[in-house]
Every structure is written in structure tokens, then in C-alpha cells.
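The values are calculated or read from the model by the stated rules, or taken from the named source; none is laboratory data. Everything numeric here is computed off the predicted structure, so don't read it as measured data. So basically every Cβ, Gly included, is an ideal-geometry build from the backbone, and we count neighbours across all protein chains shown.
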Amino acid sequence: MLGVTVRRVLLAGLILAPPAGAVAKDDALFKQGEYVYRAAGCFGCHTDEKHGGKALAGGHALATPFGTFYTPNITPDPETGIGRWSEQDFLRALRDGLSPAGDHYYPSFPYPSYTKLTDEDLRALWAYLKVQPPVKQANRKHELKWFARARSFVGSWKGLYFTPGAYRPDATKSAAWNRGAYLAEAAAHCGECHTPRTALGGIKSGMHYAGTREGPDASVVPNITPDKKTGIGRWRASELAEYLETGMTPDGDSAGDLMAEVIDNGLKYLRKEDLAAIAEYVLSLPPVEHSVRKTGKKPVKKEEFE
């Protein structure tokens, strides 16, 4: 009888004990992963908030000149999410843009920026995502134009526009500048939205952060280079840092819908010194005179900051 009781206690202990490698919410790795998660904007892209979707279950529509992409379920559900992925699968997806089966991901998934994340941050993000609530929700099929449906095209695209590898600090710059560059270029992937693209969807050389109205709805994504005429060259670093935290512009206006989402779900959670570092980096970039104002109309401030 005593033996049965002991076995039951041991069995209960095995059932209640966390699995090997589990991450607690007060664990340093979990906290680091949550920070990367916020900086990288994972919630905004992988949650269909517009239609009441559950967190990270996918289905968020991304309209592009190539058609509409629907973001995937990245909850740890084993059937419809990434519950069966290994850590190596996850690292390869973000570092090389490849699925566990070796298929190329479309660059609507911003791995050209995420590839610059350090292995440490990638592993922390993986640890954080693994313990999120699983949601059983099948991924929605992309609705693409005929010429963009073949994933073999993406392999050729990578040869032209994709260079894998973690961010390498610039030894001639300060620690704060390098931190800002890392956050802006790798985690927050600012250039993915704020840089014009070629007809093939690659980043236009010499137009880094110069703003764009490309896309089926010609949404205005502003020039955030320090050009004083068409960019944010008249902003102080402290004003840009405050904008990234609160969404308030120096003249008292507020961020538009898309940027407001980025701030509310991610950037406002960053440490003040990190926001200051991003501002230092962005305002150090070469100014590019490039207007994204709508032809024949005075620009609407809220649109300019979407």
C-alpha cells in the first residue's frame, strides 16, 4: 500500500514538474525573449487584431504589389503552429529564410532584417514563443499574382537582395550608436517599411529609410532620413525618442494607424536608453531628399507618420 502511494506521489511529481528546458516567466531568458519579441513587432504581424484574432495565431493580411500575404500561426500548437519545430528550425527560419522542410520563405517575412539578430537574441525569442498559449488555427493561403506564386523565384531573389548573417558592430562608432543600429536594422526592421523597393521587391540602393508610397493602396510611409526638407532632419534626437515611445510628433500630432500599432505593441516597451540609441542612429544616416507626398494634395500629417 505504501509502495502504491509513493508511486502515485512520484507520478504526480512527474506530471506537475515543468518539462526539461522549460522557461519560467521570471527567468532571465524569458525576459530577454519578451524584450526581443516587443522590439521585433511579432505581435502586430502575427495577430489578426482587426478581426478579433488570438495572439500570434496568424491571419493578418499584408497587401503588397505581388498580392496579399497572410501571416502564419507562430503559437506552439503542434498541428497548425510551430509546436513541432526545433530550436534549429527556428534559427534557420530567421537567419536564412528557410522552412523546416527547406522551402524559401517569401520576404514578406522580414528575415532579411531578422538575419542580423544575434544567436543569443534568437534563442531567447524562441524560448519566449515556446511558452505562449497554443492556438489551433490553420494558416490561410496567400493570394498572390501568378508570377509570384513559384517559391523558386524567391531563391533567385535571395541571390540579388539577401545577405544572411548577424549584425557586426562598427568599431568606429559608439556603443550607443551600434545598439541603435542593431535595434533599427535587425529587430525593429525599420528599413523594411521605410525604404522604397525595386520592381522585384528588393531594397533600392541609396534610398535607405527615404520613405515610400509603393503598394496597392499607395499608403504613405514617411521619409525618416535626416533630410531637412522631406525627412525628419529638423527633429532633435530627444523628440524622435519620445515619438517612438508615445507616438507624439514634435508639433503635437500623433502617429498614424500603422506606426501607432508598431509603437503600442512594441516600441513603447523598450528601455529609454534603447529608444535614445535608435534615435541617435537614425539621425546619423545620410539625408535623402525624397518626397512621398501625394501628388496635387497637401500631405495629411497623420498619413505621413503611418
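Brief remarks follow.
- Residue list for the stretch 62-105, filter: within 14 Å of the chain's Cα centre (by Cα) and not charged (D, E, K, R): Leu62, Thr71, Pro72, Ile74, Ala93, Leu94, Gly97
- Pairs linking a residue in the stretch 260-282 that is under 25 Å from Asp170 (Cβ atoms) and without any contact (Cβ under 8 Å) to a residue 40 or more places away in the chain to a residue that is in a helix (DSSP H, G or I) and of a type in the set (Asp, Glu), with Cβ atoms under 9 Å and 6 or more positions apart or on different chains, are Lys272/Glu245; Leu275/Glu242; Leu275/Glu245.
- Here is the figure for the stretch 266-288: residues that are surrounded by fewer than 18 Cβ atoms within 10 Å (Cβ to Cβ) and within 19 Å of the chain's Cα centre (by Cα) total 3.
- Any hit, the stretch 201-208, residues being more than 17 Å from the chain's Cα centre (by Cα), free of Cβ contacts under 8 Å to residues at least 12 places away in the same chain and within 30 Å of Ala148 (Cβ to Cβ): yes
- Of all residues making up the stretch 179-196, the number that are in contact (Cβ under 8 Å) with a residue 60 or more places away in the chain and either more than 16 Å from the chain's Cα centre (by Cα) or not in a helix (DSSP H, G or I) (or both): 4
- Residue that is at pLDDT below 95, surrounded by 10 or more Cβ atoms within 10 Å (Cβ to Cβ) and not assigned by TED's automatic domain parsing to the domain that holds Pro196, where the choices are Pro72, Pro65, Pro78: Pro65
- Qualifying residues in the stretch 257-278 (those that are of a type in the set (D, E, K, R) and in a helix (DSSP H, G or I)) - the one farthest from Leu125 (Cα to Cα): Asp257
- Checked against the criteria, Thr172 counts as over 23 Å from Gly41 (Cβ atoms), in a loop (DSSP other than H, G, I, E, B) and of a type outside the set (D, E, K, R).
- Some residue of the stretch 132-153 being charged (D, E, K, R) and closer than 28 Å to Leu244 by Cα: no
- Of the residues making up the stretch 140-147, one or more are within 20 Å of Thr47 (Cα to Cα), of a type outside the set (Lys, Arg) and over 21 Å from the mean Cα position of the chain (by Cα).
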